[in-house]
Amino acid sequence: MKATKPLLEACGVTVRHAVRRGFGARGQYIALDKVSLSICHGSTLALVGKSGSGKSTLALCLAGLERPTSGRIVFEGRDIASLRESELRLVRPRIQLIFQDPAAALNPRMTALEIVAEPLSLTRRMRRSELEDCTQLLLKRVGVSSGLAVRRPAELSGGQRQRLAIARALALEPKVVILDEALSALDCSVQAQITNLLLELQDILGIAYLFITHDMAMATHLADEIAVMDRGRIVEHGNTQNIVAYPRQEATRDLLAATPRILMPAGAI
């Protein structure tokens, strides 16, 4: 049974950006408006919404890569939004972020083995033999064969690059992995393979996931809970089955209507 104690929480998180409005006038764009949600140990929360709804901004805040204008982000009981940069550097390895396009985040000059070894060599004191053994184990765990370990990102398929990005994230033994549209660029068969890998890793390692997507079918398959985001706000949040079967908000119903793969009960929407 999965733990219910929050591991990572957003508490009234607001992000405002200054914008120009012509003739020297300045205004504010509200990217996030008092967003609150929580992720428990070993669970998966899907954050679902259309492009521009604020999902990626929230991901950056939760990962400690962007500071909110106001509100708290609590990780393991500590408000990381108020930490100094030197303190944040100690927290970031525990909250890993995986993006839609892994090629943009992977060093094109490095081999798969070197990419996964890099965070280990920077953060742990290991002998060379120990480092290579640990790296090979991580690649094997995500389904990257030893024959692919010497290849560079450009020589790998999209699915293989995403597996490599997952292996690199796991190298630092995170408590939370944030997947920001990490499956959306893959075809359906590869999506299914990576989804099954994520579920298997969660069972083995007890990782918590924040799964960011616009695809309700993927959210339904992966998540214990779904939070629906619209125009910088969480407009609906609850158990996955309840959200899918009995959506209360128009934004949720629009997302479900755009996802014909979900078999809905009669009269649910």
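The values are calculated or read from the model by the stated rules, or taken from the named source; none is laboratory data. Note that the structure is predicted; figures quoted are calculated from it, not measured. Counting neighbours? That spans all protein chains shown, and the Cβs are built from the backbone with ideal geometry, glycine included.
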Quiz item: Filter the stretch 157-174 for residues that are touching a Pro at 6+ places or on another chain (Cβ under 9 Å) and outside any helix (DSSP H, G or I); which is surrounded by the fewest Cβ atoms within 10 Å (Cβ to Cβ)?
Solution: E173
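What's the total number of residues in the stretch 77-89 that are surrounded by 14 or more Cβ atoms within 10 Å (Cβ to Cβ), under 13 Å from E9 (Cβ atoms) and out of contact with any Pro (no Cβ under 7 Å at 6 or more places or on another chain)? Talk me through it step by step, then tell me what you get.
Pass one, the stretch 77-89, residues surrounded by 14 or more Cβ atoms within 10 Å (Cβ to Cβ): 80-81, 83, 88.
Filter once more, keeping what is under 13 Å from E9 (Cβ atoms): 80-81.
Checking which are out of contact with any Pro (no Cβ under 7 Å at 6 or more places or on another chain) leaves us with 80.
Residues in the stretch 77-89 being surrounded by 14 or more Cβ atoms within 10 Å (Cβ to Cβ), under 13 Å from E9 (Cβ atoms) and out of contact with any Pro (no Cβ under 7 Å at 6 or more places or on another chain): 1 in total.
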Quiz item: For the stretch 24-70, what are the residues that are part of a strand (DSSP E or B), surrounded by fewer than 23 Cβ atoms within 10 Å (Cβ to Cβ) and of a type outside the set (A, V, I, L, M)?
Solution: R26, G27, Q28, Y29, D33, K34, S36, S38, C40, S70
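Looking at T57, T69, can you tell me which residue is at pLDDT 95 or above and within 12 Å of the chain's Cα centre (by Cα)?
Values: T69 fails: within 12 Å of the chain's Cα centre (by Cα).
Only one candidate qualifies: T57.
Of all the residues that make up the stretch 91-132, how many are among the charged types (D, E, K, R), within 20 Å of L58 (Cα to Cα) and either assigned to a helix (DSSP H, G or I) or touching a Ser or Thr at 6+ places or on another chain (Cβ under 7 Å) (or both)? If you could, list the steps in order and put the result at the bottom.
Looking only at the stretch 91-132, we keep the residues that are among the charged types (D, E, K, R), and these are 92, 94, 101, 109, 114, 118, 124-125, 127-128, 130, 132.
Within this subset, residues satisfying the condition of being within 20 Å of L58 (Cα to Cα) are 92, 94, 101.
This time we only want the ones that are either assigned to a helix (DSSP H, G or I) or touching a Ser or Thr at 6+ places or on another chain (Cβ under 7 Å) (or both), so: 92, 94.
Adding up the residues that qualify gives 2.
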Quiz item: Out of the stretch 232-246, which residues are in a loop (DSSP other than H, G, I, E, B) and within 24 Å of V13 (Cβ to Cβ)?
Solution: G232
Quiz item: For the stretch 222-231, does any single residue satisfy the condition of being among the charged types (D, E, K, R), over 13 Å from the mean Cα position of the chain (by Cα), part of a strand (DSSP E or B) and closer than 30 Å to L138 by Cβ?
Solution: yes
